[in-house]
Amino acid sequence: MSRILVTGGAGYVGSTCCRQLQARGHHVEVVDDLSTGHAEAVPQGIPLHRIDIGDAEGLSAVCARGKFDTVFHFAAKALIAESVTNPGIFFETNVAKGITLVETMRKHKIQNFVFSSTAAVYGTPTIVPTPEDHAKEPVNSYGQSKLMFEDLLRWYVSGYGWSVVVFRYFNACGGDANWGERHEPETHIIPLLLQVASGRRPSFQIYGTDYDTPDGSCLRDYVHVLDIAEAHLLALKKMDQPGFLAYNIGTGTSFSVKKIWKAAQRVTGTSIAVRESSRRPGDPPVLCASPICLMQEFGWRPVHSELHNILEGAWKWEQRQSRESVHKMANS
């Protein structure tokens, strides 16, 4: 069993991965500054250290006590729209503070690293589904900052003999009655649609209806967060084997915003009001993964990522969130 430090483990993907690691018997500890994460999302029994990843002294103390052999790095700034208007904080958090993290790891002789990257490193792909060796031309600072950190990690592999696995997520989604997406502000399509269905939001905005796609709206590849977590567990098999490996995590199938909207109406049994808006800066028309490498090398399959299953689980979570919101208002 591994001893794993998870940065950003109070976030949506990080906390899901923590649950899966804990269930398989690994020792897990979390570092999260709770700027966007939630302490209650960290599974019971997993220590939470409220530390910024740029805090070298705090990180060093955690690493000294924890005797970790692997780090899973989820912590990041990740809002696409903000990355266009305020790029500096993305390079500060995703690159500069990331350097503090890896240098602290080096100090404590931790050489196994699993990095949460993004499909945004590809920019606007010319090949769809997109393979890992596609040209990297990010169209926003979020994608650029993640690509810069990938490049940095290649040097840590060649210079220090590290074992690095990079996962480029496409659209993470899904949930269940007891867990799911909870962002402030919420920017992801599925929770936004479901918040309209539950009555917590008046309408859903479709950003751009004039793309060169079948119905004019963006196409995205939606992958269940449980399938993302499973890929991370499989990555442990590659640890202690020096090298740099990068894999897409997606299904190889994309759905338009309008198709997701219609599917959400079927699952919830409600009419979801939409408003058409102009395109958002930094949004490519199509993102769709080629997950063939991950499937062939790890035997990974997106077993939870059927669209109805994603929406059904996310709807259970939204209904709970809606009830809790009503309860809070009644008691305020």
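Observations
- Most mobile of Glu297, Glu92, Glu82 in a GNM of the chain (Cα contacts under 10 Å): Glu297
- Extension gain for the segment Lys262 to Met329, taken as residue separation times 0.36 nm less the Cα-Cα distance, is 21.1 nm to one decimal.
- Ellipsoid semi-axes for segment 254-332, based on the Cα gyration tensor and the rule √(5λ), read 30, 20, 13 Å when sorted largest first.
- For segment 135-292, alpha-carbon Rg and Dmax in angstrom: 18.1, 56
- Taking 0.36 nm per residue of separation and subtracting the Cα-Cα distance, full extension of the segment from Arg200 to Asp176 would add 6.8 nm.
- Theoretical FRET efficiency, 1/(1+(r/R0)^6), r = Cβ-Cβ of Leu34 and Asp133, R0 41 Å, to 0.05: 0.65
- For the chain, the per residue solvent-accessible surface stands at 44 Å², with DNA, RNA and ligands left out and a 1.4 Å probe.
- Neighbour-limited loop hits for trypsin sites (Lys or Arg not before Pro), segment 63-107 (at most 13 other Cβ within 10 Å; DSSP other than H, G, I, E, B): Lys67
- Here the chain carries DSSP beta bridges of which approximately 5% are antiparallel, counting only pairs with both residues inside.
- In plain terms, the chain from Asp151 to Arg106 could stretch by 14.5 nm, reckoned as 0.36 nm per residue minus the Cα-Cα distance.
- Segment 210-332, relative contact order [Cα under 8 Å, separation at least 6], %: 37
- Gaussian network model of the chain, springs between alpha carbon atoms under 10 Å - residue of Ser198, Ser278, Ser35 with greatest fluctuation: Ser278
- Pairwise centroid distance, computed over Cα atoms, of segment 224-246 with segment 65-103, Å: 19
- Two-site FRET efficiency, Thr124 against Ala23, from Cβ-Cβ distance with R₀ of 41 Å, rounded to 0.05: 0.60
- Charge tally in the Cβ shell below 9 Å around Trp317, where Lys, Arg are +1 and Asp, Glu are -1, Trp317 excluded: 0
- Working note: Cα gyration tensor of segment 177-221, eigenvalues times five, square-rooted, sorted largest first, giving semi-axes of 24, 13, 9 Å.
- With each label modelled as a point 7 angstrom along the Cα→C-beta vector, the Gln44-Ser278 pair spans 5.1 nm.
- Coordinate range along principal axes, alpha carbons of segment 64-109, Å, largest first: 39, 15, 12
- Measuring between alpha carbons in the structure, the pairs from Lys67/Lys238; Lys77/Lys316; Lys109/Lys136 lying more than 21 angstrom apart are Lys77/Lys316; Lys109/Lys136.
- Among Ala23, Ala76, Ala177: highest mean-square fluctuation, GNM of the chain, C-alpha pairs under 10 Å: Ala23
- Binned Cα-Cα distance frequencies in segment 89-144 - 5 Å width, integer %: 5, 17, 20, 18, 15, 14, 8, 3, 0
- Per the Cα gyration tensor, segment 1-56 maps to an equivalent ellipsoid with semi-axes of 18, 12, 8 Å, ordered largest to smallest.
- Computed label-point distance, nm, for sites Met1 and Asp212 using a 7 Å Cα→Cβ extension: 5.4
- In Hz, Karplus ³J(HN,Hα) per residue of segment 11-16 (6.51, -1.76, 1.60; θ = phi - 60°; x = Gly, Pro): x, 4, 6, x, 5, 5
The values are calculated or read from the model by the stated rules, or taken from the named source; none is laboratory data. Treat the numbers as computed from the prediction; the structure is a model and nothing was measured. For neighbour counting, all protein chains shown are included, and Cβ atoms are generated from backbone atoms with ideal geometry for every residue, glycine included. Accessible surface areas use protein heavy atoms only, side chains included; no ligands, DNA or RNA. Shrake-Rupley method; radii C 1.70, N 1.55, O 1.52, S 1.80 Å.
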